[in-house]
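Please treat every number below as a calculation from the coordinates, not as lab data. The model shown is predicted, which means the values in this text are computed figures rather than measured ones. Here Cβ is always computed from backbone atoms with ideal geometry, including for glycine, and neighbour counts include all displayed protein chains.
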Amino acid sequence: MIPMSLSAVARVVDGVVHGDGDVVVTGPATLDSRAVEGGGLFVALAGEHVDGHDFVQSALDGGAVAVLGSRPVEAPTVVVDDVTAALGRLARHVADEIDAEVVAITGSQGKTSVKDLVAHLLGRAGPTVATAGNYNNELGVPITVLRADHDTRYLVVEMGARGVEHVARLCSIAPPDVAVVLNVGSAHVGEFGSVDNIAVAKGEIVEGLQPDGVAVLNADDARVAAMAARVPAGAAVVRFGRTADGPDDVRLDDVHVDGRGEPDVTLSRAGRRWTTHVPLPGAHQGLNLAAAVAVAAALDQRVEGQVLSDYRSASAQRLQRLERSDGVVVLDDSYNANPESVVAAIETLRTIDATRRVAVLGEMLELGAEAHLRHVEVGRAAADAGLDLVLAVGQGARGVAEGAGAQAREVPDVDVALTTLRAWLEPGDVVLVKASRGARLERVTAGLLDA
């Protein structure tokens, strides 16, 4: 956060100061009173079940010096009618005031992994602020921007969407210098109505580019490649993928996966070719790396060779490899799921050296009328991968068991899943845990690690 008096904050957001307007905010903004930093701004949001105004004292005890809220409290406060809108206006002001290059990333899957890779690569060149986890909505994007200051060189922002015009609104908060579209898949298709509508929404990110910006597009995804026609005049297009063949493009030439499921990725660009080891499970990380390298190249950063030797993923529960003392390995990918990402995770599980391979799969949400069919397809992918056991957890995942056939077992809940696994697992087994966030299969991971 750039230092601002509370009166200055009020002018930016069209709010009214209650209390000392000379108080200076020097720390980041936060919605969580437990995560306040010294000098920070506590954003008191009144939700359906929790009212942030009730936690102001906790925020002050943690070091906050002021509050942005919808009513006066016992602290220096800027009062506004719409806290979310005010937060966005404040973030836009900060984005305009600092001299950071903004990288905005969207796609149906892979956003968080690519965001973490981009932040790592750019962090080698200068101070970089990136979205924490997948905090990628109308609250998360401004909170990320408000962690930046005048020293920030790169601001890496993940942008999600649950409808048309969502990404456009996020771009109005943090206008991108580089806009990345990874793919268009079936995630949230139940909300959008069709995959074509998803493409319309994701493409808003390139329409929001700065006049001299760069669109980084997946050449292997026809819907994404077509977004080149939506790039504003004056902006450039860089592509990545196996079919990328332009002079500034990053081509994915080869992916070789080792016994841990981690890929050696061969890329080429502008006549140069190199191989990089990615210390993350999954052959699909090759395309993720190609996207991240394309972003770095668009910002004139040359990243070749073993640039990930010191890389550690900043985001948990994304194919996170966790090893028990008895030799059982858990691949925790429980944060979220859609059909494409589940199939990719199953393929990753298939490539890992193991005595036996187990997939614990829960419901994939927001798939609309296609939900049962898509679960059946995931089950078939598990069967085709030759897995030794597939546990379909919960009624919403029954289609997985139907598709997986003889190797599948339906279990009603997490407790029964854990009982089954504890009786079945042996040293050397590898267990994949994956579902939509609402299924809360992180409890399976926690239970296995406590065993």
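Only Cα pairs under 8 Å and at least 6 apart count here; give the relative contact order of the stretch 98-298 as a rounded whole percent.
RCO, the stretch 98-298: 19 percent.
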Item checked: Radius of gyration and Dmax over the Cα atoms of the stretch 4-82, both given in Å -> 11.0, 33
Notebook entry, point to check: How much length is gained if the chain between residue 256 and residue 372 is pulled fully straight, taking 0.36 nm per residue apart and subtracting their Cα-Cα distance, in nm to one decimal?
Noted result: 38.4 nm
Checklist line | Relative intensity, log₁₀ I(q)/I(0), of the stretch 320-450 from a Debye sum that treats every alpha carbon as a point, q = 0.10, 0.15, 0.21 Å⁻¹ | finding: -0.25, -0.58, -1.21
Note to self: Using Stokes-Einstein with the Kirkwood hydrodynamic radius over Cα pairs, what translational diffusion coefficient do you get for the chain at 20 °C and a viscosity of 1.002 mPa s, in µm²/s rounded to a whole number?
What the structure shows: 93 µm²/s
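Full-extension gain between residue 194 and residue 248, please, as 0.36 nm times their residue separation minus the C-alpha to C-alpha distance.
16.2 nm
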Check: Which one of 6, 346, 49 has its Cα pushed farthest toward the positive end of the charge dipole of the chain, where Lys and Arg give +1 and Asp and Glu give -1 at the Cβ?
Finding: 346
Next item on the list: From the P(r) of the stretch 98-298, can you give the percent of Cα pairs sitting at distances over 22 Å?
Entry: 44 percent
Checklist line | Förster radius 22 Å - calculated FRET efficiency between residue 124 and residue 264 (Cβ-Cβ, nearest 0.05) | finding: 0.60
Check: Given labels modelled 7 Å from the Cα in the Cβ direction, how far is it in nm from residue 150 to residue 165?
Finding: 3.8 nm
Check: Any idea what the relative contact order of the chain is, in percent, if you count C-alpha pairs under 8 Å spaced at least 6 apart?
Finding: 10 percent
Check: What residues qualify as long-range amide H neighbours of residue 237, i.e. H under 5 Å apart, gap of 5 or more or another chain, H built at 1.01 Å from N?
Finding: 215
Notebook entry, point to check: Going highest first, how would you order 439-449, 109-119 by mean Cβ packing within 10 Å?
Noted result: 109-119, 439-449
Next item on the list: Scan around residue 125 for amide H atoms under 5 Å from its own, H built in the peptide plane at 1.01 Å from N, and keep only partners 5 or more places away or cross-chain.
Entry: none
Check: Can you pull the three principal axis extents for the Cα set of the stretch 44-203, in Å, largest first?
Finding: 48, 41, 23
Check: Once you put a point 7 Å from the Cα of residue 51 and another 7 Å from the Cα of residue 74, both along the Cβ direction, what distance in nm separates them?
Finding: 1.5 nm
Next item on the list: Grab the DSSP H runs of the chain that are 4 residues or longer, score each as -39,500 (n - 2.57), total them, divide by all residues and round the 222 nm result to the nearest 500 deg cm²/dmol.
Entry: -9000 deg cm²/dmol
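For the chain, which DSSP H helices look membrane-span-like by this rule: Cα extent along the axis of 18 Å or more and mean Kyte-Doolittle of at least -0.5? Spell out each step's value before the answer.
Working: long enough: 83-97 (21 Å, 0.19); 285-298 (19 Å, 1.51); 339-351 (19 Å, 0.38); 371-384 (20 Å, -0.24).
Counting only whole DSSP H runs, the qualifying helices are 83-97, 285-298, 339-351, 371-384.
Kindly give Rg over Rh for the stretch 363-437, based on alpha-carbon atoms, with the Kirkwood expression for the hydrodynamic radius.
0.96
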Item checked: Theoretical gain in end-to-end length, residue 409 to residue 325 [0.36 nm per residue, Cα-Cα removed] -> 27.6 nm
Next item on the list: Note down the nm distance, to one decimal, between modelled labels 7 Å out along Cα→Cβ at residue 395 and at residue 37.
Entry: 4.5 nm
Notebook entry, point to check: Can you list residues whose amide H is under 5 Å from residue 107's amide H, if they're 5+ apart or on another chain and H is modeled 1.01 Å from N?
Noted result: 182
Note to self: Give me the percent relative contact order of the stretch 320-450, please, defined on Cα pairs under 8 angstrom at least 6 residues apart.
What the structure shows: 37 percent
